[in-house]
Each structure stands twice: as structure tokens, then as C-alpha cells.
Amino acid sequence: MPELPEVETVARGLQREVAGRRILNVTLGKTDFIDNPADVEQQLPGRRILAVERYGKFLLLRLTASEADRACGVAGALLVHLGMTGILRPQAVTEPHLKHTHVVMRLDDGRELRYVDPRRFGRIAFLSGEILREELCRFGLDPLEAGREEFAGKIRERRARIKALLLDQSVIRGVGNIYADESLWKAKIHPAHLGMKLSVEQVKRLYRELQKILRRAIELRGSSISDFLDAEGEPGEYQQHHRVYGREGEPCVRCKTDIRRVIVAGRSSYFCPRCQKAPRGWKRSARARTAKKK
């Protein structure tokens, strides 16, 4: 599922391609992943795309106010989550629609902004005013915008395991399984450590390494594990630089110990057992959980 670097890559591409374009009409296919299909179909035509931004794992298409609501200053935005297989990209009207094209926005420059999603695990919603503000307030800090002390406060005030905290979008928005595992490996922190038990130095190191990894991944247009393509239809390259994610049984590039996989917070977590020392009691409790399953 696209994480912060992938969504940022798409947002930058769409900002270059469609910012300033007016939406002429909207055609919908399947709508089970759209919060309010009637609003998307009726409210978008006539509005201009002011900007395309990333907000956590969401794309946010900022729109102008329509003639009807300009007086009250309600502008609104189209919120888009790409899910596991979603692609949002502009194409010429003459290009045939791919299978699973579910949203087509005709633009004023002769192109169409198309949303294609075979599995339909994404989400689209037209939101405005207080509803938009409330939706965005559900999410936590952006790891590239938060200060070090602010980040540390969010982590060290919670008893949850650090892997769970990094994945919790109400705490830190935008990080998913790939970049959580990569940053924890780089910072030499086991994914099962409790946030509140991490030292000040550990949290500082995690903050620094998470930012470095996210910025480098953005430079390389994200990670293409299976379906991710950017706004130009091109895959990312950061998967070539993964150090632990998806590398179970392969040697750690730092110490040559075999990478392991364990379930933390219900998610697979890849780590080096030598570089990332487990917290006290974790191995015992992990063995107990394994024995109970058997």
C-alpha cells in the first residue's frame, strides 16, 4: 500500500500536470469506495484544481469554490487514498480507458484525470468546510514537518510498541510497514520496544533516520513492490535500497546476521536480531504465543 514517499511522488507529479486545470465533467464507474458519489459527480464540475498536496497517505486535491458556494467561502477538496492498487494520472482523451477505470474527470485542456483501481481498496471523498477540517484533524504529525521534540513527545508518552506507534495514523501520519521497518533497523531499535521505554537518544536517532529514509525514498520516487506507479505511470526505485523489509532469511547488510520476521501489532515486522536487541521479556512472551498457537 502506498506510504508517504509514494503518495508524495504522485502528489508532486499531479501538481505539475493538473494544477490550474478546470474540471468539466465527472463520469463514475463502480462507486463502492467513494464516500459520496453524488457529490463527486455533481460538485466537482466547474471547479479548478488549485493544488495537489499530500496529507499523510492521502492525496488532497484543493479545489476552488463553485459559483453556488463562493459567497460563503466554502472551497472544498477531493480526498483520495490509492489503497493497494489505485492509480491516479492524467491521460489524453483519445487514449483507451484501462479496465477498472472507475473515475474519469474531464479537464479543460483535452485530457482526463483517471482513477484506476482493480481491487477498489482505496477511498475517494469530496469534503468541504468543517467536515474537511474534522477529517484532517483525525491524523497525527507529519514526520517531515514535526520538530524533534514534538515527535519525541508523541512517542514517549505512549505505552504501545514502537512499531504500532509508527503505523498509527493518529500519532504519525504517512508511515506504513516498509518505512517503519527500514527506519527502526537504521536506528537499531527492535519493533517490539514500548514507546515510553525508549531513551531520549533512541527517539532522537529514530527521528533523524526516519526523516533521512523518507526524503531519500521521495528522491527515488518511492518503492514499487507490486502495483505502485507514479503520476507518469513509472515505477519507483527505492525498493532497491531496502535493508530489511521483505528480506527474511537474507544476511543483514550491517552485521551479516539473518534477517527475521515477527508479528508486532498484527503486522509482519522485519528486523535484525543482532542489531536490534529485543526488549526484556519479548522473546519469552513470543515463545509463549507460538506455543499457544500450536
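Laboratory data are not the source of any read-out in this text; all were calculated from the coordinates shown. Model, not experiment: these values are computed from the prediction. Reconstructed Cβ throughout: ideal geometry from the backbone, glycine too, with neighbour counts over all protein chains shown.
Tabulated data
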read-out: Subset of Lys57/Lys277; Lys188/Lys283; Lys57/Lys154 violating a 26 Å alpha-carbon distance limit; value: Lys57/Lys277
read-out: Shape parameters for the stretch 86-224, alpha-carbon atoms, Rg then Dmax in Å; value: 19.0, 58
read-out: Overall Cα dimensions of the chain, principal axis frame, Å, largest first; value: 62, 40, 37
read-out: Packing rank of 163-173, 237-247, where each peptide gets the mean count of other beta carbons within 10 Å, highest leading; value: 163-173, 237-247
read-out: Order of Ile124, Ile131 - criterion: other Cβ atoms within 10 Å of each residue's Cβ, fewest first; value: Ile131, Ile124
read-out: Contact order relative to length of the chain, as percent, for alpha carbon pairs under 8 angstrom and 6 or more apart; value: 17
read-out: Karplus-derived HN-Hα couplings along the stretch 145-161 (A = 6.51, B = -1.76, C = 1.60, θ = phi - 60°), whole Hz, x at Gly and Pro; value: 10, 5, x, 4, 5, 5, 4, 4, x, 5, 7, 7, 8, 10, 8, 5, 5
read-out: Per principal axis, descending, Cα span of the stretch 1-138 in whole Å; value: 40, 34, 29
read-out: Relative contact order computed over the stretch 1-58 (Cα-Cα under 8 Å; 6+ residues apart), in percent; value: 53
